[in-house]
1. Any chance you could count how many residues in the stretch 40-71 are at pLDDT 80 or above and in contact with an Asp or Glu (Cβ under 7 Å, 6 or more places away or on another chain)?
2. Looking at the stretch 11-34 only, could you name the residues that are assigned to a loop (DSSP other than H, G, I, E, B) and within 12 Å of the chain's Cα centre (by Cα)?
3. Could you grab me the full set of residues in the stretch 1-10 that are within 15 Å of E83 (Cβ to Cβ), surrounded by fewer than 19 Cβ atoms within 10 Å (Cβ to Cβ) and either under 11 Å from the mean Cα position of the chain (by Cα) or modelled with pLDDT of 80 or more (or both)?
Amino acid sequence: MSLDPGTKLGPYEIQSLLGAGGMGEVYRARDTRLERSVAIKILNASVASSPDLKHASIAKPALSLSSTIRIFAHCTTLVAGTELTSPVMEFL
């Protein structure tokens, strides 16, 4: 699912697509509560529906990049009738 700039996921407003791969898409977004840029990884439906893949997509980056990147939150949001699972990370 591709998100347009301006799409809101809770307090996060999508600004631009940063990249896409096998597990999903990564967007630059604005945290409107704290006025900071964040990166949001939108998991593909096949990844989000598999508990093992979903856990791996969130936990693995956190473990391997724990000294480099902070994960601020995990959110689940409905957009156009589709449930999106999204780790919200520090934008570097």
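1. Here the count works out to 1.
2. The answer is M23, and nothing else.
3. T7, G10
The values are calculated or read from the model by the stated rules, or taken from the named source; none is laboratory data. Keep in mind that this is a model prediction, so the values were computed, not measured. Methodologically, a virtual Cβ is constructed for each residue, glycine included, from the backbone with ideal geometry; neighbour enumeration extends over all protein chains shown.
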